[in-house]
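The structure under discussion appears below in the form of structure tokens.
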């Protein structure tokens, strides 16, 4: 194993359970996503690659996300305490948007903007980390590269998966985990919905046909 990517060495990326990362992300309401990049920054920079980790960008991402969470809480407080009928389902048709509190509108726009900014920052951090790991793989003597597609849809979860594989000298083996999760999260639900719609249309068609015949 290339000595710059050996788990026994200090200050280099370590093996972490992807399942634990998912759990940490959930219980911290997504805060851990930025923290992962902050914690991995110095470790990635010790891989002696030309590309370096952007810790400042990760810290900025964390700040943006925390501001967004605070804004969400404030938005909920305004929605609950407001004497307007903004969130009243019974009167949803009678909503006059002129009566919506300006604070509500500002916070809504702010939350949307911050979430978009944070998404872009996480993508930048993810693909930057991918470049670092790809250079580390070249230094290790392999031509295998991390998937841009899985980096795009799974971000740090996929990156940690690949770090684990590199440490275990399994980077040359076929990627099974990301493919399975992609099928479970994206492909299967879409197929189920398509089949459901087709069955619904088929049922409607049969009902119409029977009514015409009768």
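The table below lists the values:
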read-out	value
Whole-angstrom gap from region 126-162 to region 179-196, using each part's C-alpha centre	25
Pairwise FRET efficiency - residue 23 versus residue 169, Cβ, R0 = 25 Å, nearest 0.05	0.40
Cβ crowding within 10 Å averaged over residues, with 18-31, 181-194 ranked highest first	18-31, 181-194
Pairwise FRET efficiency - residue 195 versus residue 124, Cβ, R0 = 45 Å, nearest 0.05	0.75
Gained length - residue 70 relative to residue 117, 0.36 nm times residue gap less alpha-carbon distance	15.4 nm
Region 98-202 shape via C-alpha gyration tensor axes, a/c threshold 1.5	oblate
Residue 176 paired with residue 139, simple spin-label distance in nm, labels 7 Å along Cα-to-beta-carbon	3.0
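We did not get these values from a lab; they are worked out from the coordinates using the rules stated. Bear in mind that the values here come from a model prediction, so they are computed numbers and not experimental data. In this analysis, Cβ positions are derived from the backbone assuming ideal geometry, glycine residues included, and neighbour counts consider all displayed protein chains.
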